[in-house]
Amino acid sequence: MDVAAYPSFLNSLAPSQRTPCFGRGNIFISKDGTFGRARVSAARELCAGCPVRQACEDWAVKAGEPDGIWGGLTPRDRAELRSARSRDRHDCGTETAWRAHLSRGESCVICREAHDDRLRADRLTRLEREHRQHGGSLAGYRLELLLGMPTCTACRAVRQAYYEGRTRTPKWYRPSALKTPAAA
């Protein structure tokens, strides 16, 4: 067999040195893709004493090796490890990481605070644009409320003008909606 067909980490072994799996392919390779507990245990036991176990594991995970036991990991173990590594790839504090945490139902203070800061900055930018383009607007009024800022006179005036001509639906909890008994 050609040396190039072997994973590169095997080149770190001395020519006379063999890995514990050498000549024991029946334990590490399965024709139907399933491994019994006994085979997995035997393979992991052999891999535990291997001088290139970590390199073997890293290579199989990185290469996406779909078959066999490599570095003591089954194909399912490697898939889970790849998934965990891809989740951890996102740096906390980025929008991508915040969305990844959110999709997994996790809470990350760093990501949440960074997201809130980005959201506030975006709202401030939009508010400045509203004031620059329109002077005052309903959108500006709403943004000021969301930002926890006092509303400006121009935005309040636009809001007042908008709602001035509209009829309010009577609500049971508003005093004007309560019927008073007719005077006798």
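The values are calculated or read from the model by the stated rules, or taken from the named source; none is laboratory data. The model shown is predicted, which means the values in this text are computed figures rather than measured ones. Neighbour counts are summed over all protein chains in view; Cβ atoms, including those assigned to glycine, are modelled from backbone coordinates with ideal geometry. Surface accessibility is based on the protein's heavy atoms, side chains included, excluding ligands, DNA and RNA. Shrake-Rupley method; radii C 1.70, N 1.55, O 1.52, S 1.80 Å.
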Query raised in the report: How big is D, in µm² s⁻¹, for segment 54-163 by Stokes-Einstein at 37 °C and 0.692 mPa s if Rh is the Kirkwood radius over C-alpha pairs?
Result: 185 µm²/s
Query raised in the report: Which label marks the calculated value of Rg and Dmax of the Cα atoms in Å, given the options (1) 32.9, 115; (2) 15.0, 48; (3) 20.2, 76?
Result: (1)
**Report entry** Two-site label geometry, SER103 and THR34: point separation in nm, points 7 Å out along Cα→Cβ
**Finding:** 3.2 nm
Query raised in the report: Between PHE22 and LEU147, what length comes free when the chain is fully extended (0.36 nm per residue of separation minus the Cα-Cα distance, one decimal in nm)?
Result: 38.4 nm
Report summary line: The FRET efficiency for GLN133 and TYR162, from their Cβ-Cβ distance with R0 = 22 Å and rounded to 0.05, is 0.80
Query raised in the report: Given a 1.4 Å probe, how much area per residue of the chain is accessible, in Å²?
Result: 73 Å²
Report summary line: The correct ranking of THR151, THR34 by accessible area at 1.4 Å, largest first, is THR34, THR151
Report summary line: From highest to lowest solvent-accessible area (probe 1.4 Å; ligands, DNA and RNA excluded), LYS31, LYS62 read LYS31, LYS62
Requested in this report: Treat each spin label as a single point 7 Å out from the Cα along the C-beta direction, and report the ALA48 to TRP172 distance in nm.
Outcome: 7.0 nm
Query raised in the report: Between ARG76 and ASP117, what length comes free when the chain is fully extended (0.36 nm per residue of separation minus the Cα-Cα distance, one decimal in nm)?
Result: 10.9 nm
Report summary line: For the chain, the percent of accessible surface on carbon and sulfur atoms (probe 1.4 angstrom, ligands and nucleic acids excluded) is 53 percent
Query - Over the chain: helical MRE at 222 nm, DSSP H runs n ≥ 4 each giving -39500 (n - 2.57), nearest 500 - result: -16500 deg cm²/dmol
